[in-house]
Amino acid sequence: MLEKILKDRFGYSQFREGQREVIEDVLNKKDVFAMLPTGSGKSLCYLLPGYMMRGLVVIVSPLLSLMEDQCQQIHMLGEKRAASLNSFLNAKEKAIILERLRQLKFLFISPEMLQTDRVIHKLSKCQISLFVVDEAHCISQWGHEFRPDYLKLADVRESLGNPACLALTATANAKVRHDILTQLRITGASQHIYSIDRENIALHVYKLNHIDRKITETIETVSNIKGPGIIYFYSREWAERLSRMIENQTNLRVAYYHGGLQMEDRLLIQHQFLNNQLDIICCTNAFGMGINKPNVRFVIHFHYPREINSYIQEIGRAGRDGLPSIAVAFYCDEDRVLPQALIESEYPDQETLPRILQRMMSRYPLTETDTLSLFMEEGCSETAARFLQYQLSQINIKAYAIEELGAYIERKIQSRKKQKLQELDDMESWLKTKGCRREALLKFYGERKTKTMAQCCDYCGSSINEFKKAKETDPKAPLTSNSWRETLRQLLGEKAGIR
Amino acid sequence: MSFKRYLFLYLVDKFKGERSIYGIYHLLKGKRSSQTIQDSVLYSVQELFQSMENITRNEIETVYEEYEKQGLMIKNRKDCYTLSEKGKQCLRECEDDCRLPNGLIGFQYAGLSKIFWKRLRLVIQSLSHLLHYQKSYLPVTNEREILEWAKKFFKRLEYDRFELAARCQKELEVLLSNRSDLEAFIFVKQLSGYQKVGLTLEQIASAVHLDKYETTLLFQACLQSSVKTIIDNRSKFPTLCLFIDQVDNIRLTHSANTTYHYIKKGYPLHKIAERRRLSAGTIEDHIVEIAMNDPAFNVMNYVPTEDYKKIQHAISSLSTKRLREVKERVDDQISYFQIRLVMAREGET
């Protein structure tokens, strides 16, 4: 029965590890928490049951781009009854979607949109078969500061008549898992925890003395190992810089991608990569979520991310086809400065905080949006503003003197910062591991390494040479080689298709 | 990189130190405010209006910081610069190799061209997939309006995909033959189709060894002049025409357009302000915008012929575009609004 739907709807002949177990529990109307490794087809866990149950599947999704991608991927499976509802739509577009809720099978929605009464009202009139929280680790990773609406999902679910809940993630240690279950109030959920380990990805870490060495090592590595691949950077400037250098010094086809690009250019670069027109993408963490390219052979970290969770997510974009792949992280001592500064800048400093609170109190009461914009006028980042706004909404402000309030918020900030710095420390201590890297990585998730594998990590004897290109391939013909008339004919001409 | 230098020095030169570098930013970005539209006419740079929508504040600031450091320009007040002697010399040298591409039109066509381009890209992509019997693909845009338009476009179509493809190809080939091969190349290489993803302007720039500013302007020139050619020769481009239909009032800001409706009904200025709960100053801004965009609009309703002549005289004798200086030269009862109206008109010729 399940296999038939799997074949007919999705074109797969068998389930991957974990999928069937999760799906069966979902079909039995249990609350389910599932941790499946990156690239293991998590979305199937709600898509397939969606076809076997009456009513609407609501999927809470963390990022606009991810939501759009997921929705598009469903459309590409031939399912048109999917829509995404987020704050980027205009009022009319939102209204259209809300009016046709009953005709939908899958609704992707941002946690923020779930805070509006109108949306809740409309949704509560529908039969909801399943309440999915995708990338559920975001609850813990982001919910406590800039996406507090994540922390209100349990209430939302209740006002929708408590439909069965499915929380999905690829990366959550025991602490994060506990946080997710508590915040969603599904502590009795049936749990399916699979290893975060991706055995086909070899883990390599190299410490270098100087940033210049890092540049040359990166360029040399990408020239030698088999692509396509992704290189991650902290900043837009670095991504662009290395992309230019690789373009000038190798015959690889490379492009950069970051949040500063126009939407149209972003789409083009993504599509070029998916269509194997590019060998390398140099990017910030803006690239990756929701991108499903099976044959990525390497992920290089020119700069390491701020949490181990992000690291797992990012390297998990390699080897989704199951073939041998490699993750390489280069680091030097000065790398720490930037992520540390980023963490600091997320919160208002001790001088600004009292002034901000003063101004807010003088205009009390304020709406949520007004509070946010007030904080941002005062120079807070959006992240910091959301954090403050949320913390203040948790207490009865009137009951505090302004100094008390200041001290209270300051404590909150300090403890959160401490936690973020701790996560950064974890990341760094892993990079400095003296021993099996896989073993150490698994330890963060309370797991043990159970198998030995040929290409485990640089410490266990895996060598970058194993991932070398078969032979120096001839430079591929650039897309710019033929004339505009030819290109036009290829796009629309008589040779296209067969009548 | 001499084109970049040429373009940005040229713009400083044109603005005569009377507008800030943010005026330049708004011009290139195509901010639809009366001020920006007016300035583009006053300083005869209308062809560059909305020619670089992707430019950022930061980019402009970095460019001009560098030029100031190199002594190419002198600050005369906050964010306003004039070219130094060295800068003028440099601009003259650049002019030997560089010039603005011909075919740029500016605000009358930039907005329309933008929509034409988005629709064309999507339809070509979709069509190219259809020719290979592929119904699903990742669209080149996720703008709902454009996607909806394309859906309707295919529904309304009176002939099949093969016919449409043949027509598009033929018409595009004719259309682009009017332009240089380089421009046509920049245009076509951006298009995506079946198993063939288009390139970004920056990628094309690097392939043809030009800087991205020149590439962008060449593309805009090609696009805008092509759209104009289509509009002027509808019968020659019956298919491409369809990509332009139903884009209206593209030339006025939405609010100015509403004001224009009232004017056509015969409402006087203060009544419109009252009706629309806007200040008289805002309505004046709208009227100036209308005067610049619609040659048929009669400004004599707001400026008596006598005053018009006086203002005209003051402008030509001063050879300046600064309102205050003109105002000092004419009778007290003549308002800034009237001077702006005359400037709007005179700027066109």
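The values are calculated or read from the model by the stated rules, or taken from the named source; none is laboratory data. Everything numeric here is computed off the predicted structure, so don't read it as measured data. Every residue, glycine among them, receives a Cβ derived from its backbone with ideal geometry; neighbour counts consider all protein chains shown.
Consider the stretch A:448-482. How many of its residues are at pLDDT 90 or above and farther than 24 Å from A:Tyr206 by Cα?
So the count comes out to 0.
From the list A:Ile96, A:Ile74, pick out the single residue that is closer than 26 Å to A:Lys152 by Cα, modelled with pLDDT under 90 and not basic (Lys, Arg).
After ruling out the rest, the residue left standing is A:Ile96.
For every residue, the table says whether it meets (1) assigned by TED's automatic domain parsing to the domain that holds B:Val140; (2) closer than 30 Å to A:Asn275 by Cα; (3) acidic (Asp, Glu).
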residue: B:Glu163; (1), (2), (3): yes, yes, yes
residue: B:Arg167; (1), (2), (3): yes, yes, no
residue: B:Leu176; (1), (2), (3): yes, yes, no
residue: B:Ile186; (1), (2), (3): yes, yes, no
residue: B:Gly193; (1), (2), (3): yes, yes, no
residue: B:Lys196; (1), (2), (3): yes, yes, no
residue: B:Thr200; (1), (2), (3): yes, yes, no
residue: B:Val227; (1), (2), (3): yes, no, no
residue: B:Ile231; (1), (2), (3): yes, no, no
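Given the conditions (1) loosely packed, with under 13 Cβ neighbours inside 10 Å; (2) within 20 Å of B:Gln108 (Cβ to Cβ); (3) at pLDDT below 85, and given that B:Met300 satisfies all but one, which numbered condition is not satisfied?
(2)
Going residue by residue through the stretch B:272-280, is there one that turns out to be surrounded by 14 or more Cβ atoms within 10 Å (Cβ to Cβ), part of a loop (DSSP other than H, G, I, E, B), in contact (Cβ under 8 Å) with a residue 60 or more places away in the chain and more than 22 Å from the chain's Cα centre (by Cα)?
no
Examine the stretch A:356-372 for a residue that is surrounded by fewer than 20 Cβ atoms within 10 Å (Cβ to Cβ), among the acidic types (Asp, Glu), part of a loop (DSSP other than H, G, I, E, B) and not assigned by TED's automatic domain parsing to the domain that holds A:Val176, and state whether such a residue exists.
Within the stretch A:356-372, not a single residue is surrounded by fewer than 20 Cβ atoms within 10 Å (Cβ to Cβ), among the acidic types (Asp, Glu), part of a loop (DSSP other than H, G, I, E, B) and not assigned by TED's automatic domain parsing to the domain that holds A:Val176.
Within the stretch B:189-213, track down each residue that is basic (Lys, Arg) and either touching a strand residue (DSSP E or B) at 6+ places or on another chain (Cβ under 7 Å) or not in a helix (DSSP H, G or I) (or both).
B:Lys189, B:Lys196, listed by residue number.
Tell me which of these B:Trp117 doesn't satisfy, since it passes every other one: (1) more than 9 Å from chain A (Cβ to nearest Cβ); (2) in contact with a Lys or Arg (Cβ under 7 Å, 6 or more places away or on another chain).
Unmet condition: (2).
Specify the residue that is farthest from B:Gln46 (Cα to Cα); the eligible residues are those in the stretch B:278-337 that are touching a Phe, Trp or Tyr at 6+ places or on another chain (Cβ under 7 Å) and basic (Lys, Arg).
Ranking the candidates gives B:Lys327 first.
Exactly one of (1) at the interface with chain A (Cβ under 10 Å from one of its Cβ atoms); (2) closer than 21 Å to B:Lys189 by Cβ; (3) within 28 Å of the chain's Cα centre (by Cα) is unmet by B:Ala165. Its number?
Looking at each condition in turn, B:Ala165 falls short on (3).
Go through the stretch A:77-97 and report how many residues are under 25 Å from A:Tyr51 (Cα atoms) and surrounded by fewer than 16 Cβ atoms within 10 Å (Cβ to Cβ).
5
Could you check how many residues of the stretch B:203-224 are in contact (Cβ under 8 Å) with a residue 12 or more places away in the chain, within 11 Å of chain A (Cβ to nearest Cβ) and buried (at least 19 other Cβ atoms within 10 Å of the Cβ)?
Here the count works out to 2.
Answer with yes or no whether B:Asn54 is closer than 30 Å to B:Ile315 by Cβ and not in a helix (DSSP H, G or I).
Working: closer than 30 Å to B:Ile315 by Cβ: no; not in a helix (DSSP H, G or I): yes.
Judged against the criteria, B:Asn54 is not a match.
So A:Ser310 fits all but one of (1) away from chain B (no Cβ under 14 Å); (2) surrounded by fewer than 22 Cβ atoms within 10 Å (Cβ to Cβ); (3) part of a loop (DSSP other than H, G, I, E, B); what number is the exception?
Failed condition: (3).
When you check B:Lys236 against the structure, is it surrounded by fewer than 18 Cβ atoms within 10 Å (Cβ to Cβ), charged (D, E, K, R) and closer than 30 Å to B:Tyr133 by Cα, yes or no?
Taking the combined requirement at face value, the residue satisfies it.
Quick check on my filter: what residues within the stretch A:333-348 are surrounded by fewer than 13 Cβ atoms within 10 Å (Cβ to Cβ) and of a type outside the set (Gly, Ala, Ser)?
Passing the criteria: A:Asp333, A:Glu334, A:Val337, A:Glu344.
If I ask for residues that are within 11 Å of another protein chain (Cβ to nearest Cβ) and either closer than 29 Å to A:Glu93 by Cα or at pLDDT 95 or above (or both), which ones from the stretch B:148-160 would you list?
B:Glu148
Here's a check for you: in the stretch B:239-266, which residue that is at pLDDT 85 or above and of a type in the set (Val, Ile, Thr) is nearest to the chain's Cα centre (by Cα)?
Among them, the one singled out is B:Ile244.
Which numbered condition trips up A:Phe131, out of (1) more than 14 Å from chain B (Cβ to nearest Cβ); (2) over 26 Å from A:Glu314 (Cα atoms); (3) under 27 Å from the mean Cα position of the chain (by Cα); (4) assigned to a loop (DSSP other than H, G, I, E, B)?
It is condition (4) that A:Phe131 fails.
Report the residue count in the stretch A:380-418 for those that are under 24 Å from the mean Cα position of the chain (by Cα) and either in the same structural domain as A:Lys175 (by TED's automatic domain parsing) or modelled with pLDDT of 85 or more (or both).
Count: 2.
How many residues, within the stretch B:174-183, are of a type outside the set (S, T, N, Q), more than 8 Å from chain A (Cβ to nearest Cβ) and out of contact with any Lys or Arg (no Cβ under 8 Å at 6 or more places or on another chain)? Before the answer, list the steps.
In the first step, residues of the stretch B:174-183 are kept if they are of a type outside the set (S, T, N, Q); the result is B:174-176, B:179, B:181-183.
Filter again for more than 8 Å from chain A (Cβ to nearest Cβ), leaving B:174-175, B:179, B:182-183.
Right, trim to out of contact with any Lys or Arg (no Cβ under 8 Å at 6 or more places or on another chain) and you get B:175, B:179, B:182-183.
Number satisfying all stated conditions: 4.
Taking only pairs six or more apart or across chains, which ones have beta-carbon atoms under 7 Å, a first residue in the stretch A:409-422 that is surrounded by 17 or more Cβ atoms within 10 Å (Cβ to Cβ), and a second residue that is in a helix (DSSP H, G or I)?
Listed by first residue and then by second, the contacts come to A:Ile409/A:Leu353; A:Ile409/A:Leu388; A:Ile409/A:Gln391; A:Lys412/A:Gln391; A:Lys420/A:Ile343.
Go over the candidates A:Glu447, A:Glu439 one by one and state the one that is more than 22 Å from A:Val222 (Cα to Cα) and free of Cβ contacts under 8 Å to residues at least 24 places away in the same chain.
A:Glu439
Scan the stretch B:226-238 and give yes if some residue there is modelled with pLDDT of 95 or more, within 19 Å of B:Lys170 (Cα to Cα) and of a type in the set (Ser, Thr, Tyr), otherwise no.
yes
Report whether or not B:Lys118 is among the basic types (Lys, Arg) and at pLDDT below 90.
no
Can you tell me which of A:Ala440, A:Ala470 is over 22 Å from the mean Cα position of the chain (by Cα), part of a loop (DSSP other than H, G, I, E, B) and aliphatic (A, V, I, L, M)?
Working: A:Ala440 fails: part of a loop (DSSP other than H, G, I, E, B).
Only one candidate passes the filter, namely A:Ala470.
For the stretch A:268-290, check the following and say yes or no: at least one residue is within 18 Å of the chain's Cα centre (by Cα), touching a residue at least 60 places away in the same chain (Cβ under 8 Å) and within 14 Å of chain B (Cβ to nearest Cβ).
Yes, that holds for at least one residue.
Which one of B:Glu143, B:Glu171, B:Glu93 is facing chain A (nearest Cβ under 10 Å) and surrounded by 13 or more Cβ atoms within 10 Å (Cβ to Cβ)?
Going through B:Glu143, B:Glu171, B:Glu93 in turn, just one is facing chain A (nearest Cβ under 10 Å) and surrounded by 13 or more Cβ atoms within 10 Å (Cβ to Cβ): B:Glu143.
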